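**Q** The following block contains the structure, expressed as structure tokens.
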Amino acid sequence: MVAKPHNVLGEETRPRFFRVGGPVPDSLDASADRATVRVWARSLAGMQKEVLVRPAPDAPLWRLVSDEGPYLDGYDEGPFPLAHMTTGLVAAYTDELLTLARGRGIELLDLTVTLHSYYTMEGSALRGTMVGGALPPVLEVEAETTLDEDALATLVADAVRAAPVNGLLRAPLESLFTLTTNGAELSPDRVARLADSVPTDPGALFEKLEVAEVPSEPLVTMLVPADKVEGDGGVSSSFAETQSRTLHVWGECRIREDGTKEIVQRLLNPKGSSFRFLSDELPANGGKGLAPDAASYVAAGIAFCFMTQIGRYARITHKDLADYRLVQDLRISRGSSADGANGHGSAEPVETHLFLETSEGEDFARQVLDMSEQTCFLHALLRTPLEPQVRVVARSTAANANSLAADPR
């Protein structure tokens, strides 16, 4: 029996999600360019991880955490990785829809945007045939509006097309990597190699982080914990060496009176926890910067998901992997036109610098990188062309609610 890992997050006295204050290390100040969302991440214990994420050099620096439920022997001390991604996607679509509506002088009242995301896992980890996959998401938009149904469907389709995250789904993107093991840089094996120089190992960045201020309410709150069940989707089931399963993640976004987005997220298959997230865009993008923006949650989700597969593979193969960290860059941008009617949101390949500490040798280090990219749900999303399925429900005082399907292409 595998010993239960240390519950690092459960013993913390500070908030788990906060804006970082105090002097910022030079390696953070010098990070990336204005088009880049940079993530610094490290493993804690078991499935617990933490990241620092900054959507622009002069933007707030946020500390976010992730854990897993019973299906991965986690403590449920934080949202699982796909919860962050679903939050970022639904927040991004909502923000683009509101921006486009304002630009066209359209009022959307009592807006609700819901996203269903689906992922697959097939094959054997030990044989090297296990592969993560991503299926087309389903986006549902409901609002009270003076638009007729065709016009609302067109508005939503335009918003989906112009949203920055559309670039992550629309075209296949081959992620790029560097690999540093026990302080020595290695050439990756199967995955595409990133030619850029390796940045500073981020391990020391996480020490002595200062909380800028205790938020008036938590940025992320657990609503319902995961049930501990046995069998398919139950305790430890995601550590099975051979798998054939589909995951279903649900997220719903509403706008609060202060303009921030409130996202409620649930893991429907396997049965997992439910969390509430707050999200707000940067002032330069029309928000107040009161909470992490959509791009920060997306970037954190990709990093968290990749790191989960690293730890999961090491456990399945019974190999020593004492610590792992990464620096990741994400570049996404919205459609080029002022009102989003023309042009697609775009993205560049995600760039990841991986740092491993292991006694298992260089071949294992390369294998960890290859298999973690191969089984990561979100790297699968990046390399798979996907078209969201869009459903619209229009409400008005003059007509009963009706639904349409809109093609975002």
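**Q** Report the full-extension gain for the segment T154 to A240: residue separation times 0.36 nm, less the Cα-Cα distance, to one decimal in nm. Can you show the working numbers first?
**A** Working: separation 86, 0.36 × 86 = 30.96 nm, distance 4.42 nm.
That pair, T154 and A240, stretches by 26.5 nm at full extension.
**Q** Moving to a separate point now. Do the alpha carbons of any pairs in K49/K288; K4/K288; K261/K319 sit beyond 32 Å of each other, and which pairs?
**A** Over 32 Å Cα-Cα: K4/K288; K261/K319.
**Q** With a 1.4 Å probe and every protein chain left in place, work out the accessible area per residue of the chain in Å², rounded to a whole number.
**A** Accessible surface, normalised per residue, equals 40 Å².
**Q** Rounded, prolate or oblate: which fits the chain when a ≥ b ≥ c are the square roots of the eigenvalues of the alpha-carbon gyration tensor, with rounded for a/c under 1.5 and prolate only if a/b beats b/c? Before the final figure, lay out each step's value.
**A** Values: a/c = 1.61, a/b = 1.47, b/c = 1.10.
It is prolate, given that a/c is not under 1.5 and a/b is the larger ratio.
**Q** Simple spin-label model, 7 Å along Cα-to-Cβ: D227 to E185 in nm?
**A** It works out to 5.1 nm between the two label points.
**Q** Return one number: the angle in degrees, 0 to 90 and rounded to the nearest 10, between the long axis of the Cα atoms of helix 149-162 and the longest principal axis of the Cα atoms of the chain.
**A** The helix 149-162 is inclined about 30 degrees to the chain.
**Q** Of all accessible surface on the stretch 76-136 at a 1.4 Å probe, what whole percent is carbon and sulfur?
**A** Details: 1000 of 1870 Å².
Percent of accessible area from carbon and sulfur atoms in the stretch 76-136: 54.
**Q** Ok, one more. Using only the alpha-carbon atoms, how far is helix 81-103 inclined from the longest principal axis of the chain? Give it as 0 to 90 degrees, nearest 10.
**A** Helix 81-103 sits roughly 30 degrees off the main axis of the chain.
**Q** In the stretch 73-221, if every C-alpha pair distance is counted and binned at 5 Å from zero, what percent goes to each bin?
**A** Answer for the stretch 73-221: a P(r) of 1, 6, 11, 12, 13, 15, 14, 12, 7, 5, 2, 1, 0 percent.
**Q** Relative contact order (percent) for the chain, with alpha-carbon contacts under 8 angstrom and 6 or more residues of separation?
**A** Values: 1010 pairs, mean separation 110.2, N = 409.
27 percent.
**Q** Check each of the trypsin sites (Lys or Arg not before Pro) in the stretch 132-231 and keep only those in coil by DSSP with at most 10 other C-beta atoms within 10 angstrom; list them in order.
**A** K208
**Q** How large a share of the accessible area of the stretch 161-216, in percent, is made up of carbon and sulfur atoms when the probe is 1.4 Å and the other protein chains stay in place? Please list the in-between numbers first.
**A** Values: 1300 of 2850 Å².
That share works out to 45 percent.
**Q** Follow-up question, since we're still on this one. Only helical DSSP H runs with n ≥ 4 go in: add -39500 (n - 2.57) per run for the chain, normalise by residue count and round the 222 nm mean residue ellipticity to 500 deg cm²/dmol.
**A** Value at 222 nm, helices only: -7000 deg cm²/dmol.
**Q** Under a point spin-label approximation (7 Å from Cα along Cα-to-Cβ), what is the R256-A284 distance to one decimal in nm?
**A** 2.5
The values are calculated or read from the model by the stated rules, or taken from the named source; none is laboratory data. Because the structure is predicted, anything quoted here is derived from the model rather than measured. A quick note on method: Cβ atoms are made from the backbone with ideal geometry, for glycine too, and the neighbour counts reach across all protein chains shown. Each accessible area value is taken on the protein alone, full model and side chains, heavy atoms only, with ligands, DNA and RNA left out. Shrake-Rupley method; radii C 1.70, N 1.55, O 1.52, S 1.80 Å.
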